[in-house]
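The block underneath contains the structure these notes are about, expressed in structure tokens.
Just so you know, all these numbers are worked out from the coordinates, no wet-lab data involved. This structure is a prediction, so every number in the text was calculated from the model and none was measured. Cβ atoms come from the backbone with ideal geometry, glycine included; neighbour counts cover every protein chain shown.
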Amino acid sequence: MNVVVAGAGTIGSLFAGHLAQVADVTVLTRRPEHAQALNERGLHVSGRSVLTAAVAASSDPAAVGDADLVILACKGGDLEPLAASLAGRFAHATVMTVQNGLGAEEIVAAHGAWPLLSAVTFMSGTRHDDVHVEYVLDTATWIGPYRDTTPADAESVAALIRSAGLKAEAFDDLRPAQWSKLIFNATVNTVAALTGLPHDFHFAEGMLGGLVHDLVDEGKAVAEAAGVALREDPWEMNVHATRRGHAHYPSMLEDVGAHRPTEIELITGSLVRAAERHGVAVPLHTALYRLVKAKEASYS
Amino acid sequence: MKVAIIGCGAVGSLFAVHLAQLDDVEVWAYDASQAHVDAINAHGLRLTGAGDVAGRLHATSDAAELPACDFGIVATKAMHTTAAISATAHAFANGCVATVQNGLGNEEAIAGFVEKVIRGTTFPAGKILEPGLVQWDVKGDTTLGPFEPQPAPFDEIERLADACTRGGMPTAAVADARGPQWRKVIFNASTNSIGALTGLTHGRVCERPDLRQLVSGLVDEGKAVAAAQGIELDADPEDLIDHAAKPEVAYGHKASMLQDVEARRTTEVDYLNGGIVRFGREHGVPTPLNQAIWALVKGVEDSWTK
């Protein structure tokens, strides 16, 4: 079984480190020195798993042989150039997206005829350096068919991921899960990025909890208009997550803290655009979208 | 006449120094900062910037030292109103107390301790440079009027306005001071909070069309709450916002709330967006955007102590 993991941030590194225990894994990085470090030193996972994985790595798609499975684990904003660089390659691979938000599958579909799986992941970690990732939240990755794939294909990838020590679940239709996460992310990430608060009790009570609840309600109205029956109530996901005992720092909060571009377009942007398409008013998500975009502008 | 400035920060100092120019006014300043009080008593209080003015006055951090006064002018940050007026109310047993503070709810807080209350709004601004020395950034007008439930007599309001004007702070006594107050509150609530959340200066907030639209959404809610109370704004807050965005006015100005956030000081959001939400609730006007912005800024404050 040959697996290519494209994108070696936190999520990509967690997939690569674990899957290397049960498959031949090649990591496709953006930076050559990152690939070199992985080739020389392997990939270390700490936290909930303690592993050292021997992985092959390259920053050049042309140097990577064909694979059975390609996992695209880059950030949403990097997906378009990554997918373009894969065009014409990996003729026998099934390609799986795990980006936040909506629309990753369409981006990839435009660059090749690969069978596509769509996935959302709830696992999280902290990337300490190019060869060390800490596995923090051992929550599942959800996988569903998207194009020329079946629920059985989704299940076989889920089984592979489970055998590697991560949590994964297959669905006949991923959209109910994907939308649940989208609404959850659009709400929690933006509120965290704007307030500086990690995802803690403030999100489930008092005035800020009220805002989070209202944001979730707007998202639910969009899902309903789009004909998607949510798999989980994003408000309950939120409350549950705040009670895990330790506060998670959402990626958008870390991004604004480090003055990096955020995934606002892919997350809240895709929700706001879906709301427009379906004629649903989302004044609060629109406000938070504008505020986060403005916060990005304040870096310079 | 005797006037006590309650809270001698930047705005309080502007009133204190200008009133101290008058022979017929004895000025007292009550302030929590002992260093500021000591400097004022030793060397007087000085303004620099928009004008260079110095004055001698009595300063104290001990409310018991305040004599019986004809007027009080409360100029603390809004969250300190109750503490400041409850400590000093004895000085105004027969006097009238005006607020020149930001936000909504200050008059109500003062009226809990003082009989005769003056609603006020002031546009000048500045900052303390060091004890006894204040940077005067912006000149502007002040409006005073009766606080309707517990009004000061109008001739008293005129007497205070006249003294301020003669001292160099142009001040008008009007029958209904709510218009200028709400114009300023709506301006501050709709722009300061956006600056605080995004880190952008006033001009940069206004030049992003989508963000400027959000500002207008906040303004519209504030206008609706004002209208529901029968308040006629003295001018459109939108005009003030666009005027301030000009390069020669306040394009590069960091709103006080942004300065507070950067220094991790409690902001006045409870009295700005929070005030609009509270008055909106009382009058059945929905204010979802102000509510959201209020919650976010409180979240920012909470993030410092988590």
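A:Asp217 sits among other residues whose Cβ lies under 12 Å from its own Cβ, and their net charge, with Lys and Arg +1 and Asp and Glu -1, is -3. In this simple spin-label model, placing a label point 7 Å from the Cα along the Cα-to-Cβ direction at both B:His243 and B:Asp176 gives a separation of 2.1 nm. Rg and Dmax over the alpha-carbon atoms of segment B:85-143 stand at 13.7, 35 Å.
Other protein chain C-beta atoms within 10 Å of residue C-beta, averaged over B:122-134: 0. Ellipsoid semi-axes for segment B:167-285, based on the Cα gyration tensor and the rule √(5λ), read 23, 18, 15 Å when sorted largest first. Compactness of segment B:46-87 is given as radius of gyration and Dmax, 13.2, 34 Å, from Cα positions. One quarter of the convex hull surface built on the alpha carbon atoms of chain B amounts to 14.7 nm², the projected area averaged over directions.
For segment B:106-257, the normalised intensity computed at q = 0.16 Å⁻¹ comes to -1.00 (log10 of I(q)/I(0), Debye sum over alpha carbons, equal scatterers, no solvent). Across chain A, the fraction of Cα-Cα pairs farther apart than 33 Å, rounded to a whole number, is 20%. Based on the Kirkwood approach, the hydrodynamic radius assigned to the protein assembly as shown is 27.0 Å, with every pair of different Cα atoms included. Label zone (B:Thr305, point 7 Å along Cα-to-C-beta; backbone nitrogen cut-off 19 Å) within segment A:177-215: A:195-210.
Based on the convex hull around the alpha carbon atoms, segment A:170-300 presents an average projected area of 8.0 nm².
Length gain on complete extension for the stretch B:Ala68 to B:Arg281, per 0.36 nm per residue less the alpha carbon to alpha carbon distance? Intermediate values should be presented prior to the final figure.
On the way: separation 213, 0.36 × 213 = 76.68 nm, distance 3.85 nm.
Gain on extension, B:Ala68 to B:Arg281, equals 72.8 nm.
Considering only alpha-carbon pairs that sit under 8 angstrom and 6 or more positions apart, the relative contact order computed for segment A:21-74 is 39 percent. A simple count of charges around B:Asp62, restricted to other residues whose Cβ falls under 15 Å of its Cβ and scoring Lys, Arg +1 and Asp, Glu -1, yields -3. Hey, for a label at A:Ala87 modelled as a point 7 Å past Cα toward Cβ, could you say which residues of segment A:112-151 have their backbone N under 19 Å away? From segment A:112-151, the list is A:112-116. In chain A, Cα pairs under 8 Å separated by at least six residues give a relative contact order of 15 percent.
From Cα pairs below 8 angstrom and at least 6 apart in sequence, can you work out the relative contact order of segment B:221-290, rounded to a whole percent? Walk me through the intermediate numbers first.
Values: 36 pairs, mean separation 30.1, N = 70.
So the answer I get is 43 percent.
Stretching the chain fully between B:Ser33 and B:Met79 yields a gain of 14.9 nm (0.36 nm per residue, less the alpha carbon separation).
Against the empirical 2.2 N^0.38 Å (N residues), segment B:15-107 has a Cα radius of gyration ratio of 1.07.
Were the residues from B:Gln229 through B:Glu148 laid out at 0.36 nm apart, the gain over their Cα-Cα distance would be 27.9 nm.
Spin-label model, A:Leu137 to B:Ala42: label points 7 Å out along the Cα-to-beta-carbon direction sit 5.6 nm apart.
Once the Cβ-Cβ distance between A:Asp78 and A:Ala113 is put in as r, and R0 is 22 Å, what FRET efficiency do you end up with, to the nearest 0.05? My answer for the efficiency is 0.50.
Across all Cα atoms of segment A:1-133, the radius of gyration (one decimal) and Dmax (whole number) stand at 13.5, 38 Å.
Would you please put A:165-177, B:263-275 in order of how densely packed they are, using the mean number of other Cβ atoms within 10 angstrom per residue and starting with the highest?
On the way: A:165-177: 18.8, B:263-275: 21.8.
Top of the packing list down: B:263-275, A:165-177.
Our compactness index for segment B:131-196, the C-alpha radius of gyration over the empirical 2.2 N^0.38 Å, is 1.35. With bins 5 Å wide beginning at 0, the percent of Cα pairs of segment A:47-105 falling in each bin runs 4, 14, 24, 23, 17, 12, 5, 0.
Each Cα pair of segment A:105-189 feeds into the Kirkwood radius, which the Stokes-Einstein equation turns, at 10 °C and 1.306 mPa s, into a diffusion coefficient of 113 µm²/s.
Across every pair of non-identical alpha carbons in segment A:134-229, the mean reciprocal distance, once inverted, gives a Kirkwood radius of 15.3 Å.
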